[in-house]
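**Q** This is the structure I want to talk about, given as structure tokens.
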Amino acid sequence: MTGSDDPADVAAIPSLAIGMAPLHRPSYEPGLNAIVALASVHARGHPAHFLAADRAYTNAKAEKFQLPARALGYRLVLDYKKDQLGIQDSFAGFVQIEGWWYSPSIPPVLANATADYRNGVIDEELYHKRLEERWLYRARARSHPDAEGHIRVSCPASCGMARCELKPASLTLAATRGKLRIPVRPDIRADPPLSCRQASVTIPPEAGAKFAQELLFGSPEWDGVYSTLRNSIEGFNGYVKDGAHEALGDPGRRRLRGVAAQSVLVAFQLFAANLRKIAAFLAEEEAIAEGSVRRLPRRRRTQSIHAWRPAVPGAQSSAAPDPPCTV
């Protein structure tokens, strides 16, 4: 599926199906079958950018989905099951929490923030506060991944973002004054790992590959990209199952035997859905350019403040809100 990964401009392009795998048993090897479709998309020259995947794909084996997808140039945006939260892997001392690397001395209350939130131990406000605190402990990338997918990262104390007794220079830098003081655990102090002994560490692509992602899980950027792309996917699923058109979910519309024949018919149905999408998109853009219709603003999932606006005697109920103040 194509789609805009910009939450502020979800209508930048129409959402289209541009690749598919041959039909297969539902929920069987979803990651492997996704790579079949993505390899076809890549072979036809389509650019790779963010790739959102639900928990079924996160649960795939890294060598069957996550690593091949990244090798094709895709930047994964993942969600996690309950048993995939918190610390899931480690490398050279760094611990991997929900897709990224963190200081080995990160407090457990911050490492387990998402699990505590999903289990109802903490509320949403406290959860986001703990995420903000967690991100202070994150490793910083020194550069983009190289041509072989290796990335060099440093602990926050090596980047002037925190103070740590294991990085003595960080204690005297003016840049770290007033910033996070990492509470070094006794076992880490007794036997510092490589991440605490070196200024930076090179992490290979296979380290933590199953859960790795670039965007910080739970951040506004992650939430915007993931929800926008997932909504595009679910929206297209409903669109192509419309009984008045392709009715993809109705097997009675595909009365041929065999996986190959069924796959060909589904490909034609997706092609027809794409044509409808493109035609509708072009008609809307033309109408907007002519001024006969206007593009509706993005609908927020939360309510507007005007939902609580009381009735004011003598005022029209449809009165527009005051314009923003400018200085």
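**Q** Can you flag which of LYS81/LYS129; LYS64/LYS167; LYS129/LYS167; LYS210/LYS241; LYS129/LYS210 are past 29 Å Cα-Cα?
**A** Values: LYS81/LYS129 22 Å; LYS64/LYS167 39 Å; LYS129/LYS167 27 Å; LYS210/LYS241 32 Å; LYS129/LYS210 27 Å.
Among LYS81/LYS129; LYS64/LYS167; LYS129/LYS167; LYS210/LYS241; LYS129/LYS210, the Cα-Cα distance tops 29 Å for LYS64/LYS167; LYS210/LYS241.
**Q** Right, next: Magnitude of the Cβ-charge dipole of the chain, K/R +1 and D/E -1, about the Cα centre, nearest 20 debye? Intermediate results must be reported in sequence, preceding the final value.
**A** Values: 41 positive and 34 negative charges, 82 e Å.
Result for the chain is approximately 400 debye, rounded to the nearest 20.
**Q** Percent relative contact order of the chain, based on C-alpha pairs within less than 8 angstrom and at least six residues apart? Provide the component values of the computation, followed by the final result.
**A** Working: 428 pairs, mean separation 61.9, N = 327.
Relative contact order comes out at 19 percent.
**Q** For LEU72 and LEU126, compute 0.36 nm times the residue count separating them, minus their Cα-Cα distance, and round to one decimal in nm. Each step should come with its number before you reach the end.
**A** Working: separation 54, 0.36 × 54 = 19.44 nm, distance 3.78 nm.
Length gained, LEU72 through LEU126: 15.7 nm.
**Q** Right, here's the next one. Any idea of the accessible area per residue across the chain, 1.4 Å probe, to the nearest Å²? Don't jump to the answer; show the numbers that get you there.
**A** Values: 19350 Å² over 327 residues.
Result: 59 Å² of accessible area for each residue.
**Q** Helix 220-240 sits at what angle to the longest principal axis of the chain, using alpha carbons and giving 0 to 90 degrees rounded to 10?
**A** Once rounded, the angle reads 20 degrees.
**Q** If you restrict to DSSP beta bridges whose two residues both lie in the chain, what percentage is antiparallel, to the nearest 5? Numbers along the way, then the final one.
**A** Details: 14 of 20 bridges.
Bridges in the chain are about 70 percent antiparallel.
**Q** May I ask for the angle, rounded to the nearest 10°, between helix 259-290 and the longest principal axis of the chain, with both axes built from Cα atoms and the value confined to 0 to 90°?
**A** Helix 259-290 sits at roughly 90 degrees to that axis.
**Q** Give me the extension gain from GLU290 to ARG257: residue separation times 0.36 nm, minus the current Cα-Cα distance, reported in nm with one decimal.
**A** Numbers: separation 33, 0.36 × 33 = 11.88 nm, distance 4.83 nm.
Stretched fully, the GLU290-ARG257 segment lengthens by 7.0 nm.
**Q** OK, next. Translational D (Stokes-Einstein, µm²/s) of the stretch 48-127 at 20 °C and 1.002 mPa s when Rh comes from the Kirkwood sum over C-alpha pairs? Intermediate values should be presented prior to the final figure.
**A** Details: Rh = 14.0 Å.
Diffusion coefficient, whole number: 154 µm²/s.
**Q** Still on this structure, please answer the following. When only DSSP loop residues count, what trypsin sites (Lys or Arg not before Pro) in the stretch 162-266 have their Cβ near at most 13 other Cβ atoms within 10 Å? All intermediate terms of the calculation are to be shown ahead of the outcome.
**A** Values: sites: ARG163, ARG177, LYS179, ARG181, ARG189, ARG197, LYS210, ARG230, LYS241, ARG253, ARG254, ARG255, ARG257; in loops: ARG177, LYS179, LYS210, LYS241, ARG254, ARG255, ARG257.
Answer in residue order: ARG177, ARG255, ARG257.
**Q** Could you work out how far helix 30-43 tilts from the main Cα principal axis of the chain, as a 0 to 90 degree angle to the nearest 10?
**A** 80
**Q** Note the listed values (i) 27.0, 98; (ii) 31.4, 100; (iii) 24.5, 75, then indicate which one is Rg and Dmax of the Cα atoms in Å calculated from this particular structure.
**A** Given (i) 27.0, 98; (ii) 31.4, 100; (iii) 24.5, 75, the calculated one carries the label (iii).
The values are calculated or read from the model by the stated rules, or taken from the named source; none is laboratory data. All figures in this text were calculated on a predicted structure; none of them were measured in a lab. Cβ: placed from backbone, ideal geometry, glycine included. Neighbour counts: every protein chain shown. The accessibility values were calculated without ligands, DNA or RNA, using every heavy atom of the protein model including side chains. Shrake-Rupley method; radii C 1.70, N 1.55, O 1.52, S 1.80 Å.
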